[in-house]
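The values are calculated or read from the model by the stated rules, or taken from the named source; none is laboratory data. What you see is a predicted model; the values in this text were computed from it and never measured. Glycine gets a Cβ as well: all are built from the backbone with ideal geometry, and neighbour counts include every protein chain shown.
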Amino acid sequence: SSTRNKLIEILALNNDGYISGQAISDKLQISRSAVWKHMKELEKDGYKIEGKSNKGYRIIGFPNKLSENTITWGLDSKWLGKNIIHKESTSSTQTIAHEHARNQAPNGTVIIADEQTDGRGRINRNWDSTKEKGIWMSIILRPEIPAHHAPQLTLLTATVLADVLSSYPLLQPQIKWPNDILLNGKKCAGILTEMQAEQDQIWYVIIGIGLNVKHTREDLSEELRHRATSLGMETEKDWSIQELIQKILATFEKTYELYLERGFGEIKEKWEHYGFKIGKEVNIKTMKEEWKAPFLGIAEDGAMLTISKDGHNQRIYSAEISWFDN
Ligand code: BTX
């Protein structure tokens, strides 16, 4: 609630001193007992509040636990994430997002879960979403762009994740076409874009982001261990999921606004800057055929640019690319 946010704000501003219950109740214009009730709620959210009878209250610890409050507090965005829905456990945040989008949820609504029991990747693949180990979230957007530009949003999201990760000196993210984020050649994040459109008009787009943060090797399934990683595994650092979410949302908002204003050009450049194996030979496998060819870059519509089996320029929209390390 907004009262609770104000309360956190007041307590946080006074965090090296105490503030009396009376002062809080005056500032918020609520009764002392209402102040006390809100304090109890904050404690449930994981805030640590110290109360001293002759001095008042102060915050001595912020929660590690995700909640609508802890994500909102300190979030530096104008519209993205102003409406947040947090679930401890859900089948898939994509599913919840579709429901909300159909029910008129505003542009910029964000759905986040601590755990997904049925996390989805592309083409019905599954996405491992272990409890409290990563960021599992979906963003509802209502862009006024032609539907055939929607794939650009996937590429945009990849650059946002790469920008956020590379702001930490220990990380050097790369993007594997079309939408995997790699650290040292292993996948730490995936993006799933879904949309509802009619003709070429978009009703809404849902951007699903999965980012492995706190996993140890043991938290990854046998199957994933050799090709997936997490921020924790790469850095041996203890990451704050909440802080990362806030950075991703703030960076996303800026990048997206720039994109709506100036188009895809700068995003494409940035994508190619992070692009993995650009200029190198890769193995390309489509539904119909498999061959080796150089990965030349990406097109305005997100297609991969390469050379066809019979030696012509070719755009690829859907394929698995792989390579042999040597
Ligand atoms: P994708 O199809 O590119 O990747 C799926 C593949 O990645 C799987 O087949 C598996 O091999 C591998 N994989 C599965 N889980 C993980 C993991 N945790 N880390 C690394 N590799 C993995 C990528 O699809 C799109 C993923 C989007 C996930 C978000 S989470 C929030 C939202 N809700 C939801 O259900 N999906 C999205």
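A compact table of results
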| read-out | value |
| --- | --- |
| Selected residue (only one of Leu258, Leu182 is outside any strand (DSSP E or B) and either away from the ligand (no atom under 12 Å from the Cβ) or surrounded by 14 or more Cβ atoms within 10 Å (Cβ to Cβ) (or both)) | Leu258 |
| Strands (runs of 3 or more DSSP E) within segment 74-158 that include 3 or more residues over 23 Å from Tyr256 (Cβ atoms) | 84-90, 110-116 |
| Residue list for segment 197-226, filter: farther than 28 Å from Ala150 by Cα and not polar (S, T, N, Q) | Lys214, His215, Arg217, Glu218, Asp219, Leu220, Glu222, Glu223, Leu224, Arg225, His226 |
| Selection from segment 197-225 of residues that are more than 11 Å from the ligand (Cβ to nearest atom), of a type outside the set (A, V, I, L, M) and more than 19 Å from Ile248 (Cβ to Cβ) | Glu198, Gln199, Asp200, Gln201, Trp203, Tyr204, Thr216, Arg217, Glu218, Glu222 |
| Matching residues in segment 16-62 - criterion: being part of a helix (DSSP H, G or I) and of a type in the set (Lys, Arg) | Lys27, Arg32, Lys37, Lys40, Lys44 |
| Positions within segment 128-158 being buried (at least 23 other Cβ atoms within 10 Å of the Cβ) and of a type in the set (Ser, Thr, Tyr), in sequence order | Ser129, Ser138, Thr157 |
| Lone unmet requirement of (1) within 13 Å of the ligand (Cβ to nearest atom); (2) buried (at least 19 other Cβ atoms within 10 Å of the Cβ) for Glu194 | (2) |
| Residues that are surrounded by 12 or more Cβ atoms within 10 Å (Cβ to Cβ) and either free of Cβ contacts under 8 Å to residues at least 12 places away in the same chain or part of a strand (DSSP E or B) (or both), drawn from segment 296-319 | Gly297, Ile298, Met304, Leu305, Thr306, Ile307, Gln314, Arg315, Ile316 |
| Matching residues in segment 52-66 - criterion: being at pLDDT below 85 and of a type in the set (Gly, Ala, Ser) | Ser53, Gly61 |
| Segment 159-174, subset assigned to a loop (DSSP other than H, G, I, E, B) and in contact with a helix residue (DSSP H, G or I) (Cβ under 6 Å, 6 or more places away or on another chain), residue modelled with the lowest pLDDT | Leu170 |
| Segment 16-25, residues that are of a type outside the set (Phe, Trp, Tyr) and surrounded by 11 or more Cβ atoms within 10 Å (Cβ to Cβ) | Ile19, Ser20, Gly21, Gln22, Ala23, Ile24, Ser25 |
| Among the residues listed as His273, His226, the single one being out of contact with any Leu (no Cβ under 9 Å at 6 or more places or on another chain), under 19 Å from Ser322 (Cβ atoms) and not polar (S, T, N, Q) | His226 |
| His215 under 25 Å from the mean Cα position of the chain (by Cα) and part of a loop (DSSP other than H, G, I, E, B) | yes |
| Any chance Ala293 is assigned to a strand (DSSP E or B) and either over 30 Å from Asp114 (Cβ atoms) or not polar (S, T, N, Q) (or both) | yes |
| Residue selected from segment 97-120 under the condition within 9 Å of the ligand (Cβ to nearest atom) and in contact with a strand residue (DSSP E or B) (Cβ under 6 Å, 6 or more places away or on another chain), by the criterion farthest from Leu66 (Cα to Cα) | Ala97 |
